[in-house]
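The values are calculated or read from the model by the stated rules, or taken from the named source; none is laboratory data. The model shown is predicted, which means the values in this text are computed figures rather than measured ones. Every residue, glycine among them, receives a Cβ derived from its backbone with ideal geometry; neighbour counts consider all protein chains shown. We work out accessible area using only protein heavy atoms, side chains counted, and drop any ligands, DNA or RNA first. Shrake-Rupley method; radii C 1.70, N 1.55, O 1.52, S 1.80 Å.
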Amino acid sequence: MALTQYQVDAFTRRPFEGNPAAVVPLEQWLDDALMQTIANENNLSETAFFAPENDGFALRWFTPEAEVDLCGHATLASAHVLFEHMNYPHPSIRFSTRSGDLVVERRGDRLAMDFPAQPTQPAECPEALIKGLGVTPVAVEKNVDILAVLASEDPVRALQPDLAELKKLDCRGIIVTAPGDSKDFVSRFFAPAVGIAEDPVTGSAHCQLAPYWAKRLSKNTLAARQISKRGGDVDCELKGDRVTLVGSAVTVIKSEWLL
């Protein structure tokens, strides 16, 4: 069995920036264990698989260790593959996922993803969070991830977290965020619990970041940058209980699995 795979750098216009995702188009689903094994072999933060379903596609995402409910950059990468390599003829794509239907729309040379907003709520600051980050956040909130707010961009950029401490926390991952110097806000994302030390650019985290910063800054259109080593830009539009995430993508590898 031969399977085509694309590696796409998401939330960037240039190769070797943004967040790399593997995308494997399917005609029908593989065994779950095989998809997990492929994701582990890729050793990227996410491997996406999609297959035709009704008038769109079913989409699933796997880290090297587990299937996840929502992944922004691999959704962006999957839509990029359909538009750029598979001649998808319509202006928008509907993906059926574990987080409901997600629609990706072509906007010139960028892609806009319609995702569910995930508002955070104020939370206690666990000792493992302080030990893990090496700093005390000025505020802590929580949804599926812990959101740790720092006072400014430089301390976020300088973080060298203790991942063993962060892995003790009861959450998918840890978002660290602050007001940006040239953007509305910046962030970094650590998820050792699902096998990701640091994710370069995390679309799904912005489903939590956008509601937080929209309320704090009193604006619903926000420019964000994730300041990992690779870095990437995400524009956010909060629309009620939905968040539109806008970004670019570029293909860097096309390969073939021989199974």
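I need every pair where a residue in the stretch 21-47 that is at negative phi and open to solvent by 40 Å² or more (accessible area, probe 1.4 Å) has its Cβ under 8 Å from the Cβ of a residue that is part of a loop (DSSP other than H, G, I, E, B) and acidic (Asp, Glu), sequence separation at least 6 or different chains.
From the stretch 21-47, the pairs are Asn40/Glu65.
Would you check if there is a residue in the stretch 119-133 being open to solvent by 20 Å² or more (accessible area, probe 1.4 Å), within 18 Å of Asp241 (Cβ to Cβ) and outside any strand (DSSP E or B)?
Scanning the stretch 119-133 turns up at least one residue that is open to solvent by 20 Å² or more (accessible area, probe 1.4 Å), within 18 Å of Asp241 (Cβ to Cβ) and outside any strand (DSSP E or B).
When you look at Lys183, is it under 28 Å from Val8 (Cβ atoms) and free of Cβ contacts under 8 Å to residues at least 40 places away in the same chain, yes or no?
no
Look through the stretch 58-71, keep the residues that are touching a strand residue (DSSP E or B) at 6+ places or on another chain (Cβ under 7 Å) and either part of a helix (DSSP H, G or I) or open to solvent by 30 Å² or more (accessible area, probe 1.4 Å) (or both), and return whichever of them is farthest from Val246 (Cα to Cα).
Glu67
What do you reckon, is Ala74 among the small types (Gly, Ala, Ser), part of a helix (DSSP H, G or I) and buried (at least 22 other Cβ atoms within 10 Å of the Cβ)?
Considered against the rule, which asks whether it is among the small types (Gly, Ala, Ser), part of a helix (DSSP H, G or I) and buried (at least 22 other Cβ atoms within 10 Å of the Cβ), Ala74 comes out as yes.
Name the residue that is surrounded by the most Cβ atoms within 10 Å (Cβ to Cβ), counting only residues in the stretch 134-157 that are under 23 Å from Gly232 (Cβ atoms) and among the polar types (S, T, N, Q).
Asn143
Conditions first: (1) under 13 Å from Cys236 (Cβ atoms); (2) surrounded by fewer than 24 Cβ atoms within 10 Å (Cβ to Cβ). Asp162 passes all but one, so which condition is the exception?
If we test Asp162 against (1) under 13 Å from Cys236 (Cβ atoms); (2) surrounded by fewer than 24 Cβ atoms within 10 Å (Cβ to Cβ), just (1) comes out false.
Looking at Gln226, Gln208 in this structure, which one is open to solvent by less than 50 Å² (accessible area, probe 1.4 Å), within 18 Å of the chain's Cα centre (by Cα), closer than 30 Å to Thr4 by Cα and modelled with pLDDT of 95 or more?
Being open to solvent by less than 50 Å² (accessible area, probe 1.4 Å), within 18 Å of the chain's Cα centre (by Cα), closer than 30 Å to Thr4 by Cα and modelled with pLDDT of 95 or more holds for just one of Gln226, Gln208, which is Gln226.
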